[in-house]
Amino acid sequence: MSATLRQTAVLVTGASSGIGEATALRLAEQGASIAVAARRKDRLDELVKKIEASGGKAIAIEADVTKREHAELAIEKTVAAFGRLDTLVNNAGVMLLGPIVGADPDEWQRMLALNVEGLMYCTNAALPHLLKAAESEPRRVADVVNISSVAGRIARAGSGAYNASKFAVGAFSESLRQEVTKRHVRISLVEPGLVATELVSHNSPDVQEMIKKRFGPVEALQADDIADAVAFVVTRARHVAVNEILVRPTEQDA
């Protein structure tokens, strides 16, 4: 890494498992104080223990970021604990696949609420603190990292609503980037391909079988692989903005 995150504070949403958990651990290794937010408080408490056992500082925040007041409180608790906020990693998300024809609109609402609205609520609440951090030592730069997907680039039959949510994340991120980049708040997208996490398990057995057939014997990425990408983004020098990283398994052809 070209820089460390000592004396900075990070909030990671969706940190109770998978990419969020791995990212929290990786950024703690870089010296940041870490706030981890999710609905499963028991898992967050275990993650905090891991970080503290390695000499880091961390707090657990039970939050459902689809609720604006929870998102705002997560930001407030982070700043109250650490005195600042330098990096926001919007990782909380859900992937519910299936055809548009005959779909359950409740699943669409659930995805949009978490993948889009939750991300926007957290970002909105964080921006005043990020802008302030970008004006001060030790780094004079701040970051928002939005975990998107290859589905935010390529639309496919059977994943239209999920595509829509991730395309929305890309549009929101680019618009915000143009607003704040001259103030040294960097906005970045990390777009994973197939990753071995709990995300697939949220789907019906039929959809899980469809996913299995789509990817066949492809060796999936691990959560640590995406954590590496996030760490790369946020540890660049102040004059370097990595706005987008697409990370696929080597064997994934689309």
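The values are calculated or read from the model by the stated rules, or taken from the named source; none is laboratory data. Keep in mind it's a predicted model, so treat the numbers as computed, not measured. All Cβ positions, even for glycine, are placed from backbone atoms using ideal geometry, and neighbour counts span all protein chains on display.
Restricting T123, T78 to those that are β-branched (V, I, T), modelled with pLDDT of 95 or more, crowded, with 24+ Cβ neighbours inside 10 Å and in a helix (DSSP H, G or I) reduces the list to T78.
Results for (1) under 23 Å from E21 (Cβ atoms); (2) hydroxyl-bearing (S, T, Y); (3) touching a helix residue (DSSP H, G or I) at 6+ places or on another chain (Cβ under 8 Å), shown as yes or no for each residue.
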site: T87; (1), (2), (3): yes, yes, yes
site: N91; (1), (2), (3): yes, no, yes
site: G98; (1), (2), (3): no, no, yes
site: G118; (1), (2), (3): yes, no, yes
site: A126; (1), (2), (3): yes, no, yes
site: A134; (1), (2), (3): no, no, yes
site: G152; (1), (2), (3): yes, no, yes
site: A155; (1), (2), (3): no, no, yes
site: G160; (1), (2), (3): no, no, no
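Within this structure, T4 passes the test of being outside any helix (DSSP H, G or I), β-branched (V, I, T) and more than 20 Å from N146 (Cβ to Cβ). Out of the residues in region 235-254 that are in contact with a Leu (Cβ under 6 Å, 6 or more places away or on another chain) and in a loop (DSSP other than H, G, I, E, B), state the one that is nearest to V145 (Cα to Cα). Residue satisfying both the conditions and the ranking: P249. Among the conditions (1) at negative phi; (2) without any contact (Cβ under 8 Å) to a residue 40 or more places away in the chain; (3) not polar (S, T, N, Q), V195 misses just one, which is (2).
Of the residues in region 179-195, at least one is part of a loop (DSSP other than H, G, I, E, B) and over 17 Å from L130 (Cα atoms). Selection of first residues in region 8-26 that are of a type in the set (D, E) and of second residues that are assigned to a helix (DSSP H, G or I), restricted to Cβ pairs under 6 Å at least 6 apart or on distinct chains, gives the following pairs, ordered by first then second residue: E21/L47.
Residue check: is R110 basic (K, R) and under 30 Å from A157 (Cα atoms)?
On the way: basic (K, R): yes; under 30 Å from A157 (Cα atoms): yes.
Against the criterion (basic (K, R) and under 30 Å from A157 (Cα atoms)), R110 qualifies.
For region 132-152, state whether one or more residues are of a type in the set (G, A, S), within 14 Å of T87 (Cβ to Cβ), assigned to a strand (DSSP E or B) and in contact (Cβ under 8 Å) with a residue 24 or more places away in the chain. The answer is yes; a qualifying residue exists. Screening M210 on (1) under 19 Å from the mean Cα position of the chain (by Cα); (2) farther than 24 Å from A35 by Cβ; (3) modelled with pLDDT under 95 shows it passes everything except condition (1).
Results for (1) closer than 30 Å to A161 by Cβ; (2) of a type in the set (D, E, K, R); (3) modelled with pLDDT of 95 or more, shown as yes or no for each residue.
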residue: S33; (1), (2), (3): no, no, yes
residue: V36; (1), (2), (3): yes, no, yes
residue: R39; (1), (2), (3): yes, yes, yes
residue: E46; (1), (2), (3): no, yes, yes
residue: G56; (1), (2), (3): no, no, yes
residue: I61; (1), (2), (3): yes, no, yes
residue: G93; (1), (2), (3): yes, no, yes
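Residues of region 12-65 that are among the hydrophobic types (A, V, I, L, M, F, W, C) and in a strand (DSSP E or B): V12, I34, A35, V36, A37, A38, A58, I59, A60, I61.
The residues of region 71-123 that are free of Cβ contacts under 8 Å to residues at least 12 places away in the same chain and touching a Gly at 6+ places or on another chain (Cβ under 9 Å) amount to a single one, D104.
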